[in-house]
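Enquirer: Got a structure for you, questions after.
The values are calculated or read from the model by the stated rules, or taken from the named source; none is laboratory data. Values in this document were obtained by computation on a predicted structure and should not be read as measured data. Cβ sites come from the backbone with ideal geometry, for glycine too, and all protein chains shown count toward neighbours. Just the protein is used for accessible areas: all its heavy atoms, side chains included, with ligands, DNA and RNA removed. Shrake-Rupley method; radii C 1.70, N 1.55, O 1.52, S 1.80 Å.
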Amino acid sequence: MEICVDVIVVGNGPAGLGLSALLSGYWPYFNGSHPDSVLEAKCNECLGTSLVEQDLQYLSEGLEGRSRNPVALLLDTLALPNVDIGEKAPTSLHWKWNDSRSVSHLVLGVGPPGGSWNAMSKHIRSLSPARWLELPGYSISTWYREQLDRPYGDWLCSDPIPLGDVTRYYRDYVEKMKLGASMMSHTAVTAVERIAVPSCGGLNRSASDGSSESSDSTMGNPLSRSSDSILSNLDPFEYSCCEGSFRIDETLTTNFLSGDLTDCCNSIYCSPQMSAEQGKKDYCWRVHATKTDGSDEKIELYCKKLVLACGVNSSPCWLGVPGESLSFVSHTFSDICTKMMSLPASSTVLIVGAGLTAADAINFALEKQLCVIHVYHQDASNPSLIYHKLSTTKYKRYTDLFQLMKGKMTNDLYTPFSRSSIMEFKEDTTCVISDKSKAQRSVAVDAVGILIGSEADLDFLPQDILEELSFDARKPVSAKLNPISVHPYTFECTRVPNLYAVGSLTGDTLVRFIVGGALGVTQSLHTLKYM
């Protein structure tokens with residue numbers, strides 16, 4: 001099966017869903033009031049005009065906050081005024097839908113909408129307050145009222161909620177916002193390649209009645225209002241330049257995409273003497289994917305712009321020690337919990353890691369009356385540990401564990417090994433630990449959970465593109481240490497034209513900042529002279 005759209009988004013978590021909303025025509029507008037008088041004055045200069053059509057650099061100047069991306073800071077500041085100082089000010093944004101602004105796109109995800117949130121424990125509460133987890137145009141408080149008949153109110157500004165509720169909200173968001181036609185769930189991207197496009201750039205899509213849109217117009221087209229985008233059912237392309245217009249039917253689509261068309265004039269769009277920078281953009285993308293619903297159907301997709309929104313939770317990190325692939329060793333929270341469910345009380349589990357996922361696994365084990373050996377390489381006093389930043393009232397299950405890690409509380413079932421590391425796992429289910437004194441000891445365990453974080457799985461990209469993505473090409477992409485290098489206002493990759501990245505891949509790990517990336521991408525696409 002072959003499909004052709006303007007934009008393909010890889011990843012159907014919050015970043016992909018938020019971007020889909022904006023590409024579908026849901027745009028943000030300033031409502032006229034904000035606690036920051038300077039920002040309020042700036043936004044009121046173009047009151048009634050969507051942020052998508054305003055100068056984002058001008059509006060975001062001088063803003064500070066918890067994101068390194070200025071557009072993310074801008075949208076967050078408007079959506080959640082003064083939230084970081086504890087105020088519960090109303091939002092300064094409202095969202096409007098305009099179908100004529102929609103862009104034909106598909107959002108690909110390995111599982112159902114929600115991305116990695118679907119793999120999280122349903123009963124554990126979110127670390128972020130519920131309001132920080134919302135996506136454009138549909139609040140979680142409204143969702144509670146409509147879907148669960150639970151009229152939750154102001155407490156949502158500051159309190160976490162069960163992760164199961166968050167997952168359901170993201171799934172229901174697709175239906176509420178009518179994004180289903182753009183979703184291609186249960187689809188894994190297996191390979192991506194750049195292919196040449198014809199050097200003449202005046203590409204229009206022709207409607208079936210023969211009318212066409214100018215290449216200078218907004219990017220709405222017949223595909224944006226239909227999920228039936230298979231090439232055999234597409235309207236023909238109309239290709240325009242100084243020689244006039246001619247039509248390319250579906251039998252020539254492959255020739256169009258592979259660039260088998262000759263130059264026909266010396267305009268800026270089709271001149272062989274175009275600048276090097278223009279030449280770099282003279283290609284589109286072929287995306288190979290496979291259905292993960294059991295059918296194993298192969299799909300080939302084509303697009304002009306590709307957006308990476310797949311996050312950094314797709315590939316769990318490994319220690320790289322002998323025996324790590326043995327069957328009693330797990331690398332995900334769900335796998336280790338499944339194993340712990342089948343263990344009798346007083347069995348021993350070893351948990352490696354000092355993050356919140358490791359903490360959730362430890363608390364789960366203690367609730368099951370399992371003995372826990374906890375190995376982590378930091379000292380418990382290390383200020384980089386997230387536990388130092390958590391409220392003892394809102395996150396008691398984490399802060400209590402932190403007291404155990406520091407030795408200020410004790411539990412007969414819990415044994416910490418700080419400043420320690422794993423040397424080897426053996427087939428007899430023993431583990432060799434090197435403690436802070438560098439002494440090695442072997443311990444017998446029934447199950448092991450290595451929960452030391454995860455990395456982005458970008459293996460579907462060609463090696464030459466992978467080497468151009470991040471700030472340090474020698475290291476894998478990491479949200480904190482080595483994010484993808486993007487333009488601060490368009491989110492286009494700085495060294496790979498026509499490729500964009502949003503969400504945790506660019507360093508924004510909080511959902512509240514992700515929608516800013518979607519705004520930057522949407523503005524970039526709508527301000528291009530042509531796609």
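Enquirer: Among what's in segment 464-484 and is charged (D, E, K, R) and touching a residue at least 12 places away in the same chain (Cβ under 8 Å), pick the residue that is farthest from Ser315 (Cα to Cα).
Expert: Once the filter is applied, the top-ranked residue is Glu468.
Enquirer: Please enumerate the residues belonging to segment 372-386 that are under 28 Å from Asp446 (Cα atoms) and of a type outside the set (Gly, Ala, Ser).
Expert: Val372, Ile373, His374, Val375, Tyr376, His377, Gln378, Asp379, Leu385
Enquirer: So, in segment 119-155, how many residues would count as being crowded, with 21+ Cβ neighbours inside 10 Å and modelled with pLDDT under 85? Before the answer, list the steps.
Expert: To start, the set of residues in segment 119-155 that are crowded, with 21+ Cβ neighbours inside 10 Å comprises 130-137, 140, 143.
Okay, now just the ones that are also modelled with pLDDT under 85, so none.
Total satisfying the criteria: 0.
Enquirer: Go through the residues of segment 104-112 one by one and say whether even a single one is among the small types (Gly, Ala, Ser), within 25 Å of Arg397 (Cα to Cα) and in contact with an Asp or Glu (Cβ under 9 Å, 6 or more places away or on another chain).
Expert: Looking for residues that are among the small types (Gly, Ala, Ser), within 25 Å of Arg397 (Cα to Cα) and in contact with an Asp or Glu (Cβ under 9 Å, 6 or more places away or on another chain), one finds none in segment 104-112, hence no.
Enquirer: For segment 30-45, does any single residue satisfy the condition of being under 22 Å from the mean Cα position of the chain (by Cα) and either among the hydroxyl-bearing types (Ser, Thr, Tyr) or loosely packed, with under 15 Cβ neighbours inside 10 Å (or both)?
Expert: no
Enquirer: Also, quick follow-up: For segment 348-360, which residues satisfy the criterion of being within 16 Å of Tyr395 (Cβ to Cβ) and not in a loop (DSSP other than H, G, I, E, B)?
Expert: Those that are within 16 Å of Tyr395 (Cβ to Cβ) and not in a loop (DSSP other than H, G, I, E, B): Leu356, Thr357, Ala358, Ala359, Asp360.
Enquirer: Please determine, by comparing only the residues of segment 468-508 that are in a loop (DSSP other than H, G, I, E, B) and on the phi > 0 side of the Ramachandran plot, which one is surrounded by the most Cβ atoms within 10 Å (Cβ to Cβ).
Expert: Top of the filtered list is Phe491.
Enquirer: Exactly one condition in (1) within 18 Å of the chain's Cα centre (by Cα); (2) at pLDDT 90 or above is not met by Gly507; state its number.
Expert: (2)
Enquirer: Against the definition (touching a strand residue (DSSP E or B) at 6+ places or on another chain (Cβ under 7 Å) and under 25 Å from Gly507 (Cβ atoms)), how does Asn31 come out, yes or no? It would help to see each step written out before you state the result.
Expert: Working: touching a strand residue (DSSP E or B) at 6+ places or on another chain (Cβ under 7 Å): yes; under 25 Å from Gly507 (Cβ atoms): no.
Spelling it out, it is not the case that Asn31 is touching a strand residue (DSSP E or B) at 6+ places or on another chain (Cβ under 7 Å) and under 25 Å from Gly507 (Cβ atoms).
Enquirer: Against the definition (within 30 Å of Glu297 (Cα to Cα) and under 25 Å from the mean Cα position of the chain (by Cα)), how does Val52 come out, yes or no?
Expert: Considered against the rule, which asks whether it is within 30 Å of Glu297 (Cα to Cα) and under 25 Å from the mean Cα position of the chain (by Cα), Val52 comes out as no.
Enquirer: Could you please give the count of residues in segment 366-399 that are in contact with a strand residue (DSSP E or B) (Cβ under 6 Å, 6 or more places away or on another chain), over 17 Å from Ser346 (Cβ atoms) and assigned to a loop (DSSP other than H, G, I, E, B)?
Expert: Count: 1.
Enquirer: Additional query: Say whether the condition of being surrounded by 15 or more Cβ atoms within 10 Å (Cβ to Cβ), among the hydroxyl-bearing types (Ser, Thr, Tyr) and assigned to a loop (DSSP other than H, G, I, E, B) is met by at least one residue in segment 400-413.
Expert: no
Enquirer: List, please: which pairs have Cβ atoms under 6 Å, are six or more places apart or on different chains, and start with a residue in segment 305-329 that is within 12 Å of Phe425 (Cβ to Cβ) and end with one that is of a type in the set (Gly, Ala, Ser) and open to solvent by less than 40 Å² (accessible area, probe 1.4 Å)?
Expert: Here the result reads Phe328/Ala447, each pair linking segment 305-329 to a residue that is of a type in the set (Gly, Ala, Ser) and open to solvent by less than 40 Å² (accessible area, probe 1.4 Å).
Enquirer: Counting only residues that are modelled with pLDDT of 95 or more and out of contact with any Ser or Thr (no Cβ under 8 Å at 6 or more places or on another chain), which one in segment 427-440 is least open to solvent (accessible area, probe 1.4 Å)?
Expert: Thr429
Residue-wise test of (1) free of Cβ contacts under 8 Å to residues at least 24 places away in the same chain; (2) among the charged types (D, E, K, R).
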position	(1), (2)
Gly65	yes, no
Asn69	no, no
Asp76	no, yes
Ala79	no, no
Trp97	no, no
Arg101	no, yes
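Enquirer: Still on this structure: Just need a number here: residues in segment 386-399 that are touching a helix residue (DSSP H, G or I) at 6+ places or on another chain (Cβ under 6 Å) and either polar (S, T, N, Q) or open to solvent by less than 20 Å² (accessible area, probe 1.4 Å) (or both).
Expert: 3
Enquirer: What is the residue count in segment 49-59 for residues that are without any contact (Cβ under 8 Å) to a residue 24 or more places away in the chain and either in contact with a Phe, Trp or Tyr (Cβ under 7 Å, 6 or more places away or on another chain) or surrounded by 13 or more Cβ atoms within 10 Å (Cβ to Cβ) (or both)? Please lay out each step first, then the result.
Expert: Taking segment 49-59 and keeping what is without any contact (Cβ under 8 Å) to a residue 24 or more places away in the chain, we get 49, 54-55, 58-59.
If we keep only those that are either in contact with a Phe, Trp or Tyr (Cβ under 7 Å, 6 or more places away or on another chain) or surrounded by 13 or more Cβ atoms within 10 Å (Cβ to Cβ) (or both) too, we end up with 49, 54-55, 59.
Number of matching residues: 4.
Enquirer: Just to verify a result, which residue in segment 66-90, among those that are part of a loop (DSSP other than H, G, I, E, B) and buried (at least 17 other Cβ atoms within 10 Å of the Cβ), is modelled with the lowest pLDDT?
Expert: Once the filter is applied, the top-ranked residue is Ser67.
Enquirer: What is the residue count in segment 425-467 for residues that are within 21 Å of Ser334 (Cβ to Cβ) and not in a loop (DSSP other than H, G, I, E, B)?
Expert: 7
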